[in-house]
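Each value in this text was obtained by applying a stated rule to the coordinates, not by laboratory testing. Given the structure is predicted, the values throughout are model-derived calculations rather than measurements. Here Cβ is always computed from backbone atoms with ideal geometry, including for glycine, and neighbour counts include all displayed protein chains.
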Amino acid sequence: MTPALAQLLIGHVVLGLLGITLFVIVTVGLMRDLLRISLIKWSAFFGFVSFVASWITGGYYYATYYGKAVKPVIKAGAYPWAHNFVMEAKEHVFLVLPFLAATVWLVLWLLGGSLETAPGLKRAALLLSWTIVVLGVAITLSGMVISGAVIPK
Amino acid sequence: MEHRQKAVQSFAIGAVLAAVFAVAVTIAAELMPPLKTWLADTFTHHWIGKSVLAAAIYVGTSIIIFAVPSAGSQEQARKSLAALFWISWVVVAAIIGFFLYEAFWAY
Amino acid sequence: MMGWYTFLIVMHIIGTALGAGGATVSDLSFFRSVRDGKVDRSELDLLKTISMAVWAGFGILVFSGFGFFLLYRIQSPELGLIYNPKLLAKLTIVLVVFFNGLLMHAKVFPLLESFVDRPLFNPDFSKRAPIAFTTGAISIISWYSALILGAWRGLDWSYGAIMGSYLAVVAVGIIFANIVGRQLIKKFGTNQL
């Protein structure tokens with residue numbers, strides 16, 4: 001792995017974790033009766049940006065390196081299902097995340113001021129934010145399972 | 001306010017369509033190798049193709065839906081977000097279920 | 001010059017101190033607060049401040065933990081360290097800490113908020129209090145379990161054995177916390193009669 005690819009991998013992981021952290025702030029923020037709209041809408045914005053950046057860095061690493069250098073090692077190793085199931089699921093489930101994040105950000109940006117008096121809308125935004133956090137954590141753990149299966153002989 | 005509510009509704013529906021597209025093209029590409037090949041040839045990698053097309057569908061359909069003359073409402077916005085929530089989980093379950101089957105039972 | 005590994009160790013220790021230390025102080029503060037039969041605003045604000053420190057510690061732990069993971073992945077993948085039962089158990093427990101913390105924000109803080117400056121000896125609090133006692137017990141046991149697993153170098157138990165022991169301790173802790181909590185609530189009532 002070249003230093004540039006190592007940095008892309010690190011960037012992918014760190015940006016993903018940052019995105020999840022920011023959406024935890026959004027989720028916890030939406031659980032309150034009194035909303036700190038400025039905090040949660042900016043958290044949602046930067047969370048969305050983080051996921052997009054994680055998408056790009058991970059995507060470049062995946063498209064240029066993973067297929068030819070990492071996948072064969074996993075498939076030949078003790079845990080081939082780490083690619084056959086976990087990676088395949090992860091790379092496609094991830095596709096849902098940026099659109100969920102963008103939608104939550106837009107709800108907060110456009111309608112944040114009225115959420116305190118619109119419990120149905122607030123609840124819908126909260127459920128979506130929860131979904132982002134749960135999927136984000138699952139995707140992160142999947143990444144560990146996949147990378148952990150890279151055991152060169 | 002109605003414009004904002006309509007914008008939220010439009011982007012929520014756009015996200016639904018992008019998510020449904022993502023799972024549909026994923027499963028289709030696995031079952032129809034020529035589709036996967038076309039994605040790889042057109043976008044340098046099949047996954048990049050799925051990403052780009054899903055993003056295009058999200059932005060494109062959201063704008064189209066927003067442009068269609070109709071009044072926005074808080075209730076419509078809420079229903080769209082609720083639909084996005086449920087459909088996202090169906091999409092995730094479908095992706096996981098499909099690859100679970102492919103990895104352990106298909107061959 | 002400090003290398004990445006040493007830097008990550010330092011951050012992981014800071015995270016553990018904030019997290020496990022904060023969870024300890026938080027549980028002690030909670031029981032101290034309810035001892036007089038009510039929670040006042042300053043006591044609740046203290047619990048919220050401690051909670052923020054615990055979350056900060058958790059964040060530092062997660063980022064530094066992934067730092068270790070990336071270091072091993074990039075520099076020494078042949079060691080196969082990730083699929084280690086002790087590490088997987090620790091990760092599971094970290095997940096419990098995370099979701100338990102979110103549950104506390106969703107249920108426990110609103111409960112305490114609704115009872116600020118109100119007597120805790122009443123059927124409504126008695127009915128809802130178990131969530132506070134339970135999440136508190138899970139929090140403290142999980143933090144210390146993760147700490148012990150991180151520090152115990154020679155532990156070679158299976159994942160099942162580690163998680164079985166952890167769940168047994170959590171079960172005992174939940175029962176104990178609820179018994180003590182109920183005794184406290186009974187005591188408020190006796191003192192107020």
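Only one of the numbered conditions (1) buried (at least 20 other Cβ atoms within 10 Å of the Cβ); (2) at the interface with another protein chain (Cβ under 10 Å from one of its Cβ atoms) is violated by A:V26, and that is (2).
Conditions (1) at the interface with another protein chain (Cβ under 10 Å from one of its Cβ atoms); (2) in contact with a helix residue (DSSP H, G or I) (Cβ under 8 Å, 6 or more places away or on another chain); (3) of a type in the set (S, T, Y), marked per residue:
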| position | (1), (2), (3) |
| --- | --- |
| C:L70 | yes, yes, no |
| C:A89 | no, yes, no |
| C:L103 | no, yes, no |
| C:K127 | no, no, no |
| C:I141 | no, yes, no |
| C:S145 | no, yes, yes |
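Before we move on, is A:V70 surrounded by 19 or more Cβ atoms within 10 Å (Cβ to Cβ) and touching a Leu at 6+ places or on another chain (Cβ under 8 Å)? Spelling it out, it is not the case that A:V70 is surrounded by 19 or more Cβ atoms within 10 Å (Cβ to Cβ) and touching a Leu at 6+ places or on another chain (Cβ under 8 Å). Taken over the stretch A:113-139, residues that are surrounded by fewer than 18 Cβ atoms within 10 Å (Cβ to Cβ) and not hydrophobic (A, V, I, L, M, F, W, C) amount to 7. Here C:F63 does not fit the description of being touching a residue at least 40 places away in the same chain (Cβ under 8 Å), within 18 Å of C:P130 (Cα to Cα) and of a type in the set (F, W, Y).
Residues checked against (1) part of a helix (DSSP H, G or I); (2) within 10 Å of chain A (Cβ to nearest Cβ); (3) aromatic (F, W, Y); (4) surrounded by fewer than 17 Cβ atoms within 10 Å (Cβ to Cβ):
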| residue | (1), (2), (3), (4) |
| --- | --- |
| C:R32 | yes, no, no, yes |
| C:K48 | yes, no, no, yes |
| C:G67 | yes, yes, no, no |
| C:F98 | yes, yes, yes, no |
| C:F121 | no, no, yes, no |
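Of all residues in the stretch A:139-153, exactly one satisfies the criterion of being without any contact (Cβ under 8 Å) to a residue 60 or more places away in the chain and more than 10 Å from chain C (Cβ to nearest Cβ), namely A:S142.
The condition (being free of Cβ contacts under 8 Å to residues at least 12 places away in the same chain, of a type outside the set (V, I, T) and part of a helix (DSSP H, G or I)) is satisfied by just one residue among B:S80, B:S51, B:S10: B:S51.
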